[in-house]
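A quick write-up on the structure given underneath.
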Amino acid sequence: MDWIIKFKIEIIVAVLLAIGLLVFTLPFKNRDYVFDWDQGNDYEAVAKIASGKLALIGPRVTSDAGFFLGPWHYYFLLPFYKLTGGSLEMGFWAAVTIQYLWALVAFLFVKKWWGTLAGVTVGIFLATPVSVMAWGFMYVPLLSLIFFYGCLKTLENPKLLPWLFLLFGFGCTTYAVFYALGIPFLYVVIKSKVSIKKYLWGILLASLPYTPLVFFDLRHNFINLRNILAFAGATKGQGQQAGYFLKVFYRAVETSWLNHPLPQPVSTIVFSVSMMVLIGGIYLFRRNKWFIGLWLVSSLIPMAFYKGNVSEYYYAPVILLLPIFLAGLMTRAGNVGKVGLIIIILVITGLKTVEILNNNPGVTLQEKVELVNKLEAMNNKYSVSFELGLGEDSGYTTIFNKLGKNYVADGSAQLYTITNNEQISGVKMGSTKHLAIYQR
């Protein structure tokens with residue numbers, strides 16, 4: 001039992017982070033958790049794996065015409081599918097688990113770098129999310145942070161390089177944003193100066209996570225490779241606008257603290273201070289200043305050349321360092337800085353609480369299930385059509401297939417329309433907060 005005494009602080013913080021995360025998420029699960037295109041596809045894929053059909057490919061990137069990632073997201077969700085008895089809410093519990101691991105790992109790393117106070121404040125910041133969503137991207141912050149730490153340790157001990165190769169390959173096959181970290185990773189590879197044998201071992205380990213995708217491509221005429229090349233060479237999208245990638249980066253930084261845009265001139269101040277914090281990270285890790293500098297521009301460089309649509313989450317590997325560097329800089333400033341850090345975290349947590357209480361995510365899983373139950377209560381066979389905005393009809397098919405005992409997918413039964421337009425023709429048969437059912 002000596003290990004309990006040795007790690008008592010870590011154990012206490014781990015328990016408190018778990019409690020805090022559940023307090024911030026569980027009471028609002030039914031109100032906030034959405035079930036759209038990603039969640040529907042994930043559920044169906046995991047259900048197939050649970051039935052015995054193994055997957056070689058994972059989610060698609062950007063759309064249903066994009067390239068496939070590795071299947072690791074589905075296999076992570078599988079235990080939650082089984083533990084919840086195949087519940088549509090499996091993704092919620094998976095997302096909460098990843099958020100918890102991210103907060104816990106951040107606490108442990110930051111505590112090692114700058115002490116318990118810095119670690120606890122970062123852990124609190126990450127364990128109080130405004131919302132959680134289950135999709136392939138949710139692993140990126142956690143994996144990026146582990147990779148960041150792994151790079152620093154490899155610069156200290158180059159013998160770790162092969163395992164860093166493995167982590168890079170796993171990250172890239174989990175979500176494509178990870179490829180941008182190839183820039184600082186290349187720096188670590190060059191600086192390590194290990195034997196040719198270790199480089200070859202590293203390349204072999206990095207290729208292992210790609211094995212399912214290679215088998216898939218060999219069986220399907222290299223369709224995934226062709227889609228990857230098409231994605232990399234995209235020529236249409238918002239990225240064609242000069243400087244658009246910088247505008248998206250500005251929004252990503254601005255919304256990183258409270259998860260929503262801020263009024264002017266507050267957003268300008270927040271962005272400016274955030275930039276100083278990121279640059280301050282070079283001071284915190286000045287022994288590896290070139291690595292930190294390359295990490296900070298790693299997402300900007302590829303986005304400067306990418307002509308497709310750019311999203312805020314593409315910059316996640318950089319943005320995730322903001323609370324970490326802030327904690328490091330303020331604890332280095334002495335007692336005044338430590339007090340200031342506590343005040344900042346308390347204020348941000350309070351503002352997050354207000355935002356959660358006033359959050360209105362739109363149509364959630366709970367509301368969609370409520371619609372299905374209303375149709376099922378009519379006790380007759382039915383088919384469904386939608387009069388909703390672009391993409392707003394996603395997720396329903398999976399829910400109907402799971403819960404709709406009287407649902408007829410081919411449209412041959414009595415037709416009901418789900419809509420948010422109260423002006424359509426037909427007899428209104430029921431409604432929820434955002435939607436209504438009309439018999440046509």
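Only the coordinates and a few stated rules stand behind these numbers; no lab work does. Predicted, not measured: the structure shown is a model, and the values here were computed from it. Every residue, glycine as well, gets a Cβ built from its backbone with ideal geometry; the counts of neighbours run over all protein chains shown.
So how strong a dipole does the stretch 235-319 carry about its Cα centre when Lys and Arg Cβ are +1 and Asp and Glu Cβ are -1, to the nearest 20 debye? Show your work: numbers first, answer last.
Details: 7 positive and 2 negative charges, 51 e Å.
Charge dipole of the stretch 235-319: 240 debye, to the nearest 20.
Using helices alone, I'd like the mean residue ellipticity at 222 nm for the chain: each DSSP H run of four-plus residues gives -39500 (n - 2.57), total over residue count, nearest 500. Don't skip to the end; give the middle numbers.
Working: 22 runs with 266 residues, N = 440.
Per the formula, -19000 deg cm²/dmol.
Quickly rank 128-137, 192-201 as a protection proxy: mean count of other C-beta atoms within 10 Å, highest first.
128-137, 192-201
List the pairs from 193/338; 48/352; 111/198; 53/198; 111/159; 48/405 whose alpha-carbon separation is above 28 Å, in the order I gave them.
193/338; 48/352; 111/198; 53/198
Could you work out the relative contact order of the chain? I mean the mean sequence separation of Cα pairs under 8 Å and 6+ apart, divided by the number of residues, in percent.
18 percent
May I ask you to list the lysines whose Cα is less than 24 Å away from that of residue 307, ignoring any residue fewer than eight positions away on the same chain?
236, 247
Please compute the contact order of the stretch 365-439 in relative form: average sequence separation of alpha-carbon pairs under 8 Å and at least six residues apart, divided by the residue count, as a percent. Intermediate values should be presented prior to the final figure.
Values: 108 pairs, mean separation 25.7, N = 75.
The normalised contact order for the stretch 365-439 reaches 34 percent.
For a quick check, take a GNM of the chain with Cα springs below 10 Å and name the residue from 394, 299, 412 with the largest mean-square fluctuation.
412
Where the centre of each part is set by its Cα atoms, how far does the stretch 293-340 sit from the stretch 169-227, in angstrom?
A separation of 24 Å, based on Cα centres.
What number, in percent, do you get for the relative contact order of the stretch 235-319 if the mean sequence gap of Cα pairs under 8 Å and at least 6 apart is divided by its residue count? Display every interim value, and only then the final one.
Values: 72 pairs, mean separation 41.7, N = 85.
Averaging sequence separation for qualifying contacts and normalising by length gives 49 percent for the stretch 235-319.
Can you give the angle from 0 to 90° between the axis of helix 140-156 and the longest principal axis of the chain, with both taken from C-alpha atoms, to the nearest 10?
The angle comes out at about 20 degrees.
Who wins for biggest fluctuation among 190, 124, 98 in a Gaussian network model of the chain, springs between alpha carbons below 10 Å?
Among 190, 124, 98, the largest GNM mean-square fluctuation belongs to 190.
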